[in-house]
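Below: the structure, in structure tokens.
The values are calculated or read from the model by the stated rules, or taken from the named source; none is laboratory data. Worth saying up front: this structure is predicted, and the values here are computed from it rather than measured. Heads up, the Cβs are rebuilt from the backbone with ideal geometry, glycines too, and the neighbour counts pull from every protein chain shown.
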Amino acid sequence: MPRAPIRCNPMSIIPIKTFILLKSTVLMILVIIVFWSMPRSRTRSWSRTSIAETYRNILTGQNKENLIINRNRDLARRRVEIEVPEDTRQEPETFQQVNNYEAWVYSAFFDIDVDAPGQDIVKVFGISSYSRYMVYCYIVEDGLTEIVTGKRDFISDNHLQNNSAVILFCPLKTGSKPQFVSIAFQRKEPPTNNLTIVYQKRNQREMTVCHSVLFNMTDPSQLVQSIEMNRLLGAQHFFIYNHSVTQRADRALRHYQKLGLVTVMNWPLPTPYVWYHGQNMAINDCVYRNRGLSTFVAIIDTDEVVVPKNHYSMIEVLHAVDHEVKLTDKMTKKQTIVGSYVFQSTIFTRRPTFEQWEAIKKQFLITPEEDRFIQEQNVTYLTQLVRISTSSLPMVRSKSIVRPEHVLVAGIHFTHFHRGKANFTLVNNNLAILHHYKNYEKGRVLELTAFRFKKKLLTRLKTAYSLMK
């Protein structure tokens, strides 16, 4: 007996069509939002207009950030600073608003334009909305001011925030070595900011650590342990960008400042609408400050550390990588310029079981006194020993150690752009891996690599804690 044909009620199809139409509309709206949220920069031609006026005629009035002009006898070299309470002022650098626009500048560096060989420029780092205003640079050299038209580029990885880290480019005439620069977006508006231009310094050390922005830090233990562990691994200096810390954490910072080990950069972020407290801009500021000053710069957070598998310092690991690169170049007849060393990461999630810890104490001859100190001070590197079974993919949650003179634009997980022919090299996990410590349920692999540094680390921590009392 043949089946009766299935009859479909036309009215039952309407809700389905309506749902499909609604879904398509929502997707289209999301695509439009994403498109308009993406960084957009316009390439601008650089024109130059010289004026013969002193700097005292440029800076007039005050902006809403209460800019204070320090009136020196030499009015041609006025300095502009934002008023910061004395107890928090660590460095003169701070954010300065560009007139009344949603844009703030922080630092300026003398550089060479990679797109125009022989062209010197001043790079200004800041935070800005995606405006389309022209950029006017007020270049001050020996009391005389020159206005030039600049351009802007936004640093990617802003996660669809309203504001982004931005680089402003100000061209210089040949042989110019200016002292100050100010930024305006309208030709007829006097600038309300003033930055001292930083020049590349001579090499003073091998390894510097650029830590991420400290935001609402209450317990200084992680910071102290990070500094001491990295010192043990060869770091000689640390740059820390201080947004907000408690008095306890501030005491720890001041302790290391007195020792000459830490440079604290004041970081009063002017807007919450920027990704991860403006970390991208802080990283680039740190890398540029260390050009010529430090051979290597490690870009890591306070809950991360690069742990060698067989070597005893990060420098030894980098030299081993350089040796491998040279051997490869010899065989391939190439000449590789390593601008950054990328380390894959793995997450350490929890403590070992009681039975595992008892076995560890016997294996590494941990005394009752050491055990008590490790537990009381919660020494992360010696307690959080269970990790996940995999490491991150290259360039995903990775971190890098860079040669600052080869970096054009630094990034959180890898270098966005290198200079010239420089490139990155991926460090083999057999040499070293980034340990990332965070609370995470997963994790089954017990790893004890950090115990190679147990004795020296505990000695350093005991000394540090005793001096900070």
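Residue selection: V386 fails the criterion of being farther than 21 Å from Y440 by Cβ, surrounded by 17 or more Cβ atoms within 10 Å (Cβ to Cβ) and either touching an Asp or Glu at 6+ places or on another chain (Cβ under 7 Å) or touching a residue at least 24 places away in the same chain (Cβ under 8 Å) (or both). Remark: E146 falls outside the filter, which requires a residue to be modelled with pLDDT under 90 and over 19 Å from the mean Cα position of the chain (by Cα).
Residues in segment 332-365 that are among the aromatic types (F, W, Y), under 24 Å from N430 (Cα atoms) and surrounded by fewer than 16 Cβ atoms within 10 Å (Cβ to Cβ): F364 alone. Scanning segment 248-283 for residues that are of a type in the set (V, I, T) and touching a helix residue (DSSP H, G or I) at 6+ places or on another chain (Cβ under 9 Å) gives V262, T263, V264, T271, V274.
Please indicate, with yes or no, whether at least one residue in segment 277-297 is over 19 Å from A108 (Cα atoms), within 11 Å of the chain's Cα centre (by Cα) and at pLDDT below 95. There is at least one residue in segment 277-297 that is over 19 Å from A108 (Cα atoms), within 11 Å of the chain's Cα centre (by Cα) and at pLDDT below 95. With respect to the conditions (1) surrounded by 18 or more Cβ atoms within 10 Å (Cβ to Cβ); (2) more than 15 Å from the chain's Cα centre (by Cα), I300 falls short on a single one, namely (2). Residues in segment 336-360 that are out of contact with any Pro (no Cβ under 9 Å at 6 or more places or on another chain) and without any contact (Cβ under 8 Å) to a residue 40 or more places away in the chain: R351, T353, F354, E355, W357, E358.
Could you say which residue among I121, I127, I147, I227 is of a type in the set (V, I, T) and under 16 Å from G278 (Cβ atoms)?
I127
Could you check, for segment 131-139, whether at least one of its residues is of a type in the set (K, R), out of contact with any Asp or Glu (no Cβ under 7 Å at 6 or more places or on another chain) and in a strand (DSSP E or B)?
Keep residues of segment 131-139 that are of a type in the set (K, R), which gives 132.
From what is left, the residues that are out of contact with any Asp or Glu (no Cβ under 7 Å at 6 or more places or on another chain) are 132.
Narrowing further to those that are in a strand (DSSP E or B): none.
No, the conditions are met nowhere in segment 131-139.
Inspect segment 160-172 for any residue being among the hydrophobic types (A, V, I, L, M, F, W, C), over 26 Å from V402 (Cα atoms) and surrounded by 22 or more Cβ atoms within 10 Å (Cβ to Cβ) and give the result as yes or no. Scanning segment 160-172, I find at least one residue that is among the hydrophobic types (A, V, I, L, M, F, W, C), over 26 Å from V402 (Cα atoms) and surrounded by 22 or more Cβ atoms within 10 Å (Cβ to Cβ), so the answer is yes. Every condition in (1) part of a strand (DSSP E or B); (2) modelled with pLDDT of 85 or more; (3) touching a Lys or Arg at 6+ places or on another chain (Cβ under 9 Å) is met by N100 except one, and the failing one is (1). Taking the numbered list (1) aliphatic (A, V, I, L, M); (2) closer than 21 Å to N230 by Cβ; (3) within 26 Å of the chain's Cα centre (by Cα) in turn, M395 passes all entries but (2).
Is it the case, given these coordinates, that V306 is buried (at least 17 other Cβ atoms within 10 Å of the Cβ), in contact with a His (Cβ under 9 Å, 6 or more places away or on another chain) and either touching a residue at least 60 places away in the same chain (Cβ under 8 Å) or farther than 17 Å from N428 by Cα (or both)? The answer is yes for V306. Among the residues of segment 250-268, is any at pLDDT 95 or above, among the basic types (K, R) and either in a loop (DSSP other than H, G, I, E, B) or buried (at least 17 other Cβ atoms within 10 Å of the Cβ) (or both)? Scanning segment 250-268 turns up no residue that is at pLDDT 95 or above, among the basic types (K, R) and either in a loop (DSSP other than H, G, I, E, B) or buried (at least 17 other Cβ atoms within 10 Å of the Cβ) (or both).
Test R231 against the criterion of being basic (K, R), closer than 24 Å to F414 by Cα, surrounded by fewer than 22 Cβ atoms within 10 Å (Cβ to Cβ) and more than 18 Å from the chain's Cα centre (by Cα), and give yes or no.
On the way: basic (K, R): yes; closer than 24 Å to F414 by Cα: yes; surrounded by fewer than 22 Cβ atoms within 10 Å (Cβ to Cβ): yes; more than 18 Å from the chain's Cα centre (by Cα): yes.
Answer is yes for this residue.
If you go through segment 433-455 and keep only what is surrounded by 15 or more Cβ atoms within 10 Å (Cβ to Cβ) and at pLDDT 95 or above, you end up with I433, L434, H435, H436, Y437, E447, T449, A450, F451, R452, F453, K454.
Restricting attention to segment 420-445, report how many residues are of a type in the set (A, V, I, L, M), more than 20 Å from V321 (Cβ to Cβ) and part of a loop (DSSP other than H, G, I, E, B).
Our first condition is that a residue be of a type in the set (A, V, I, L, M); within segment 420-445, this holds for 422, 426-427, 431-434, 445.
From the residues that got through so far, the ones that are more than 20 Å from V321 (Cβ to Cβ) too are 445.
From what's left, part of a loop (DSSP other than H, G, I, E, B): none.
Counting residues in segment 420-445 that are of a type in the set (A, V, I, L, M), more than 20 Å from V321 (Cβ to Cβ) and part of a loop (DSSP other than H, G, I, E, B) gives 0.
Only one of P394, P368 is surrounded by fewer than 16 Cβ atoms within 10 Å (Cβ to Cβ), closer than 30 Å to F154 by Cβ and not polar (S, T, N, Q); which?
Numbers: P368 fails: closer than 30 Å to F154 by Cβ.
Just one listed residue meets the conditions, P394.
Filtering segment 269-297 to residues that are farther than 18 Å from G234 by Cβ, small (G, A, S) and crowded, with 23+ Cβ neighbours inside 10 Å leaves G278, A282. Taken over segment 181-194, the criterion of being surrounded by 22 or more Cβ atoms within 10 Å (Cβ to Cβ) and among the hydrophobic types (A, V, I, L, M, F, W, C) is satisfied by V181, I183, A184.
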